[in-house]
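Everything below concerns the one structure shown next.
The values are calculated or read from the model by the stated rules, or taken from the named source; none is laboratory data. Computed from a predicted model, the values in this text were never measured in an experiment. Using ideal geometry, Cβ is built from the backbone for each residue, glycine included, and neighbour counts are taken over all protein chains shown.
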Amino acid sequence: MPKVVKGYRKQAMDTIMESASRLFFESGYQESSMDDIAREIGVTKGTLYLYFKNKEELLYEVCRRNTNLLEDNLDKLVTEDILESAKSFFKAELELPEHLRFHWIFALGEINKNQRVRKILLESYENYVKIISSRLEVLKERGLISGDADTRKLSLTMIALHNGIMMSMMQGLSEADASEIFEAGIRNILKNSSLYKN
């Protein structure tokens, strides 16, 4: 890991956050200490405190970084073809390491204890809804979904499907089955809700 030099600050912080994210996922936030994180990356605990004032701040920054990553992927992959976009997003998400794909699982354990983490997860959730809703609004304008469709509720339904499948994967659902179920679910949400006109 780089020494404490200005030019390396971001790289050092990324290295620390990557290791913390993996340990928080594997062992849990409460069970992971700053000593464990330092040992994982081969530095002293004191070095960590040059970048993060405490473990809570590190958790906050890990959550912020991981949610920004997913938001960026969602924003890049969600186009006007909502079904293809959903498939592409899910495929890209499956390519992420588990500790990034499921980062919100360890974060949920802290949501009622840590208001900063709660705020970041709620903001991220609303951003997901806005991104998907905006693409659905384009479909509405093009006449591909019903003009009276509630795009926010439709977005919330899609996110609930996604999150449920991700939880099922943590319980053993295979990636192949998860992808198939996700695609079928999105297709059914669009078609069976009488919103999709194709």
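Listing for the model above:
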{"read-out": "Candidates Phe102, Phe90, Phe106, Phe52, filtered to the one that is modelled with pLDDT of 85 or more, among the aromatic types (Phe, Trp, Tyr) and closer than 20 Å to Asn163 by Cβ", "value": "Phe90"}
{"read-out": "Residue match in region 72-90 (condition: touching a residue at least 40 places away in the same chain (Cβ under 8 Å) and closer than 16 Å to Phe25 by Cα)", "value": "no"}
{"read-out": "Hits in region 22-51 (condition: surrounded by 13 or more Cβ atoms within 10 Å (Cβ to Cβ), in contact with a Gly (Cβ under 9 Å, 6 or more places away or on another chain) and assigned to a loop (DSSP other than H, G, I, E, B))", "value": "Gly28, Tyr29"}
{"read-out": "Filter result (touching a Ser or Thr at 6+ places or on another chain (Cβ under 6 Å) and modelled with pLDDT under 80) within region 57-76", "value": "Thr67"}
{"read-out": "Residue check, Glu71 acidic (Asp, Glu) and under 17 Å from the mean Cα position of the chain (by Cα)", "value": "yes"}
{"read-out": "Among the candidates Arg187, Arg142, Arg116, residue that is farther than 18 Å from Cys63 by Cβ, surrounded by 14 or more Cβ atoms within 10 Å (Cβ to Cβ) and of a type in the set (Lys, Arg)", "value": "Arg187"}
{"read-out": "Flag if Ile159 is in contact (Cβ under 8 Å) with a residue 24 or more places away in the chain, farther than 27 Å from His103 by Cα and assigned by TED's automatic domain parsing to the domain that holds His99", "value": "no"}
{"read-out": "First in region 7-18 and at pLDDT 90 or above and among the β-branched types (Val, Ile, Thr), second anywhere and buried (at least 18 other Cβ atoms within 10 Å of the Cβ) and in a helix (DSSP H, G or I), Cβ under 8 Å, 6 or more apart", "value": "Ile16/Ile37; Ile16/Leu48; Ile16/Leu58"}
